[in-house]
Structure formats: structure tokens, C-alpha cells
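Novice: Let me begin by handing over the structure; questions about it come next.
No lab work stands behind these numbers, since they all come straight from the coordinates. Because the structure is a prediction, the values reported are computed rather than measured. So basically every Cβ, Gly included, is an ideal-geometry build from the backbone, and we count neighbours across all protein chains shown.
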Amino acid sequence: MEITVQWVKTSWTKQSRGGEAAARRNAVPVGFVLPQASSASAHFVQMCERDGFEPRVSQRDLRAIGVSLREEGDRLRVLARVEPLFGLPPRPRRPPAVRLLPGQWVRWQLNYRFSSAMGIRGWSYWLDTFNIGYGPVERNVFLSDPTVIVDERGPVR
């Protein structure tokens with residue numbers, strides 16, 4: 001069965017934690033129209049503070065994304081991997097894997113917080129959004145409401 005993966009990565013520093021910069025960061029999309037591409041790769045969209053949160057699009061090998069995908073009978077088992085553990089904000093516990101039926105899709109979000117090795121440069125942050133569809137999908141599927149939402153965003157203060 002066809003599996004469609006879109007990984008949206010947004011990164012910022014403390015400069016985008018308030019005011020207009022934060023409003024601009026919070027307004028970035030979490031889903032994009034898919035390119036005409038093979039399902040053997042993931043549609044990767046990166047938006048960085050230093051680029052004014054302008055989307056940069058490329059393709060990534062499915063094995064290089066932070067999601068475990070496994071077909072189990074008529075379902076797709078999806079589980080976002082948490083990497084690296086030292087960048088996690090506190091979370092009570094991880095949710096279980098999602099099992100999608102054909103025609104369904106999940107939006108899974110995880111955020112991270114990092115400090116430089118000696119704390120000299122301050123904090124940096126990123127948000128990973130994984131949009132994953134099982135079965136044939138339209139190119140604009142990730143602009144609609146997902147079948148399942150997994151929100152693992154934690155406090156990053």
C-alpha cells in the first residue's frame with residue numbers, strides 16, 4: 001500500500017519567542033501541497049528563523065526521518081521517534097503508536113529545546129511535524145484536517 005510522508009521542520013531561537021517574530025513563527029503552515037514525487041521518499045519542508053521562516057523544500061529518504069512505519073495487516077503502524085533525548089522538554093509519557101487504515105492520515109508533532117554546549121549562545125528550538133498518509137492521497141491532503149492528531153509538544157521555557 002502507498003505511504004505518503006511529509007516532514008515539516010521549523011527552527012528558531014529566543015529572538016522569535018515573543019512579539020511580531022513569535023507571531024510570524026506561529027503563523028507558519030504545518031502542512032503543504034505535495035510535489036509530484038515518488039512515495040519512496042519524504043517531502044521535507046524546512047523553515048528557519050534566519051531565513052524569515054520561508055519554506056525550503058527537498059526530498060529525504062524515508063529511513064532518514066524520525067518516524068517508524070510498519071504495515072501490519074490492513075493497517076499502517078506509525079510511531080514518531082524521539083531524537084535526541086537530551087533536547088526534550090518534560091513530558092509525562094509518550095503516546096502509543098497510531099494504526100492507520102487506508103485513506104487515513106496522522107499529524108504528529110514533537111518539539112525540542114537545546115542549549116549550546118557551554119550555554120554561551122543561549123537556547124534554540126525546533127518543531128517537527130510529521131504528516132503521514134496511508135493509501136492513495138491527493139496532493140493537497142495535508143492542508144485538510146487529519147484523521148488523527150498526536151500533539152507531543154511540551155513546555156519549552
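Novice: From the helices alone, meaning DSSP H stretches of at least four residues, give me the mean residue ellipticity at 222 nm for the chain, per-run term -39500 (n - 2.57), in deg cm²/dmol to the nearest 500.
Specialist: Values: 1 runs with 8 residues, N = 157.
That calculation yields -1500 deg cm²/dmol at 222 nm.
Novice: Work out the length of the dipole vector of the stretch 3-152 about its Cα centre, built from +1 on the beta-carbon of each Lys and Arg and -1 on the beta-carbon of each Asp and Glu, and round it to the nearest 20 debye. Walk me through the intermediate numbers first.
Specialist: On the way: 21 positive and 14 negative charges, 98 e Å.
The calculation lands at about 480 debye.
Novice: Which of these, Ser68, Ser124, Ser144, has the largest mean-square fluctuation under a Gaussian network model of the chain (Cα springs below 10 Å)?
Specialist: Ser144
Novice: Could you give me D for the stretch 3-152, from Stokes-Einstein at 37 °C and 0.692 mPa s, where the hydrodynamic radius is the Kirkwood radius over C-alpha pairs? Units µm² s⁻¹, please.
Specialist: Working: Rh = 16.3 Å.
In µm²/s, the coefficient is 202.
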